[in-house]
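As structure tokens, the structure follows; a few thoughts come after it.
The values are calculated or read from the model by the stated rules, or taken from the named source; none is laboratory data. For clarity, every value in this text was computed on a predicted model and none was experimentally measured. Don't worry about glycine lacking a Cβ; one is built from the backbone with ideal geometry, like all the others, and counts go over all protein chains shown. Note: accessible area is taken over every heavy atom of the protein model, side chains too, but ligands, DNA and RNA are not part of it. Shrake-Rupley method; radii C 1.70, N 1.55, O 1.52, S 1.80 Å.
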Amino acid sequence: MKLIQIEDLLQKGNNILLYQEEVEDYYQLLSEKYKCILLREPTPLKYNLQKCVKCVSNEEDEVINKLNQPELRDKLLEELGDDILIIFFNHFQVLTWRSAHTLHTLWQSGQVLFFCSFNYHFKQEIYKFYQTFTLINKEEYEKDTGKNEINITYPLYLVVGILIFLAYLRSASTAAIATMLLGAAWFSFLMVRSMMYVGGKV
């Protein structure tokens, strides 16, 4: 995606996410026009918040280092005023629920945006924060993870189960119809369950 399109997304208040890319190059380009800070890693959170406050504040380091995380968050927003800070870091996937929640509240303030990258799957617990991002190279991510693949495994198992059911009916003895139907249904169920246990994607 071109830089102009990225800037348009940022101006609309969208966070930016990259797959299998580093954020440093984008930081170099955007820091010429916007207030930005490069953290590289999202943790430890308190240390990163201290760096952010120092970036936008003239407060003494000794004072900043005594603040806890909520105080650092409030101090950052206070110092920003009407300005917007773009925070860059890699390894989005290492975020925990607590750190993602804190960063999410910063984004909700309208004064902080995030430009991040990830290399691996991340935990479900940070999905709410992930939803605030626009994945730039979505096609590459879907290609690597197979998100565009249509999983036909279970429909295929169902069709095979029906065929087994019909085959059983044809080959079963001419005993009572009820017994035959029950046996066919049970046999096809066992076969489908076995395929689901052993098989994977088709």
(message) I need the helices (runs of 4 or more DSSP H) fully contained in the stretch 92-147, keeping only those with at least 3 residues that are closer than 23 Å to Arg73 by Cβ and either out of contact with any helix residue (DSSP H, G or I) (no Cβ under 6 Å at 6 or more places or on another chain) or not aromatic (Phe, Trp, Tyr) (or both).
(response) 97-108, 127-130
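Here's the yes/no breakdown for (1) without any contact (Cβ under 8 Å) to a residue 40 or more places away in the chain; (2) assigned to a loop (DSSP other than H, G, I, E, B):
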{"site": "Asp8", "(1), (2)": "yes, no"}
{"site": "Leu18", "(1), (2)": "no, no"}
{"site": "Glu21", "(1), (2)": "no, yes"}
{"site": "Lys33", "(1), (2)": "yes, yes"}
{"site": "Pro42", "(1), (2)": "no, yes"}
{"site": "Lys46", "(1), (2)": "yes, no"}
{"site": "Lys54", "(1), (2)": "yes, no"}
{"site": "Val63", "(1), (2)": "yes, no"}
{"site": "Leu72", "(1), (2)": "yes, no"}
(request) Consider Gln28 carefully, then state whether it is assigned to a helix (DSSP H, G or I), open to solvent by 60 Å² or more (accessible area, probe 1.4 Å) and either modelled with pLDDT under 95 or over 30 Å from Lys143 (Cβ atoms) (or both). (result) yes
(request) Just give me the residues in the stretch 46-95 being over 18 Å from Leu30 (Cβ atoms) and open to solvent by less than 20 Å² (accessible area, probe 1.4 Å), in sequence order. (result) Asn48, Leu49, Val53, Ser57, Ile64, Leu72, Leu76, Leu95
